[in-house]
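J.: Before anything else, here's the structure in question.
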Amino acid sequence: MEKKAKLAEQKADLAYLKSTKRNLDRDKRNLSERRDSLAERLRAGDRTAAAELVDAYYQQIYLFMRKFGHDRQVSEDLTQECFFNAWHHIGQLKDGKVLNGWIYRIASNVSKLHWRRHKHKELVGIEGYEMLHKGMDEPEKIVHNEQLEKLMDAVERLPLKLRETVFLHYMQQLTIAEASEAASLNQGTFKSRLNRALKILRKEMI
């Protein structure tokens, strides 16, 4: 009787996993189709699509600028410049699969150009992270926040090229392919820089 119950439970778990995978695959296909449609409409000069692009990415690009050390006003200005440049160079967008990497590459170039023009301007501290995790008791929250603050400080001290890889892959949650596209690097170079950054961060966190 016990074996039958376990077998039934295993079958139920397997069915749940298969159902979850089907749902994830469906969501990925839907997202891919939406991106392809958006990219096609953007290339066609559809201004409604341009507004959708801004709605979909404005907050992400603004936070990217903040994490890259720009103050609030500059981040807003650079975010708007990013979308202006995106619309101006819309012909370079191939398809929806590269949409993430494409928009972040434009944002990265806008940020780098700003820093080249303002070499002596101080970086602003990273902001915008959720510090507390649900389900933690107070002592755990305190320890977690201390560790997170230590990590953020360590990230801010990274050389700009290495910091960019951490921002793009871990903080903006881009894939390696998307992040390397955003940084205008081949994937091998991007991975090498990311590994160097992680090696430094591990030493800092010991």
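J.: Would a scan of the stretch 75-83 turn up a residue that is of a type in the set (Ser, Thr, Tyr), surrounded by 13 or more Cβ atoms within 10 Å (Cβ to Cβ) and either at pLDDT below 85 or within 30 Å of THR48 (Cα to Cα) (or both)?
T.: Yes, some residue in the stretch 75-83 is of a type in the set (Ser, Thr, Tyr), surrounded by 13 or more Cβ atoms within 10 Å (Cβ to Cβ) and either at pLDDT below 85 or within 30 Å of THR48 (Cα to Cα) (or both).
J.: Kindly provide the set of residues from the stretch 45-74 that are exposed (fewer than 15 other Cβ atoms within 10 Å of the Cβ) and polar (S, T, N, Q), ordered by number.
T.: Across the stretch 45-74, the qualifying residues are THR48, GLN59, GLN73.
J.: Residues being surrounded by fewer than 13 Cβ atoms within 10 Å (Cβ to Cβ) and hydrophobic (A, V, I, L, M, F, W, C): count how many of those fall in the stretch 84-97.
T.: Of the residues in that region, 1 qualify.
J.: Only one of ALA49, ALA86, ALA39 is modelled with pLDDT under 85, in a helix (DSSP H, G or I) and either among the small types (Gly, Ala, Ser) or within 29 Å of ARG163 (Cα to Cα) (or both); which?
T.: ALA39
J.: Here's another thing I want to ask about it. Starting from residues that are assigned to a helix (DSSP H, G or I) and of a type in the set (A, V, I, L, M, F, W, C), keep the ones in the stretch 67-83 and report whichever is farthest from ARG157 (Cα to Cα). It would help to see each step written out before you state the result.
T.: Taking the stretch 67-83 as the starting set, the residues that turn out to be assigned to a helix (DSSP H, G or I) are 67, 72-83.
Subsequent filtering for residues that are of a type in the set (A, V, I, L, M, F, W, C) retains 74, 78, 82-83.
Values: VAL74: 21, LEU78: 23, CYS82: 26, PHE83: 29 Å.
That would be PHE83.
J.: Here is a follow-up. Would you point out the residue of the stretch 176-197, among those that are among the polar types (S, T, N, Q) and part of a helix (DSSP H, G or I), that is surrounded by the most Cβ atoms within 10 Å (Cβ to Cβ)?
T.: SER180
J.: Which condition from (1) modelled with pLDDT under 90; (2) within 19 Å of LEU160 (Cα to Cα); (3) not aromatic (Phe, Trp, Tyr) is the one that ALA107 breaks?
T.: Checking ALA107 against (1) modelled with pLDDT under 90; (2) within 19 Å of LEU160 (Cα to Cα); (3) not aromatic (Phe, Trp, Tyr), the one that fails is (1).
The values are calculated or read from the model by the stated rules, or taken from the named source; none is laboratory data. Quick caveat, the model's predicted, so the values are computed rather than measured. Methodologically, a virtual Cβ is constructed for each residue, glycine included, from the backbone with ideal geometry; neighbour enumeration extends over all protein chains shown.
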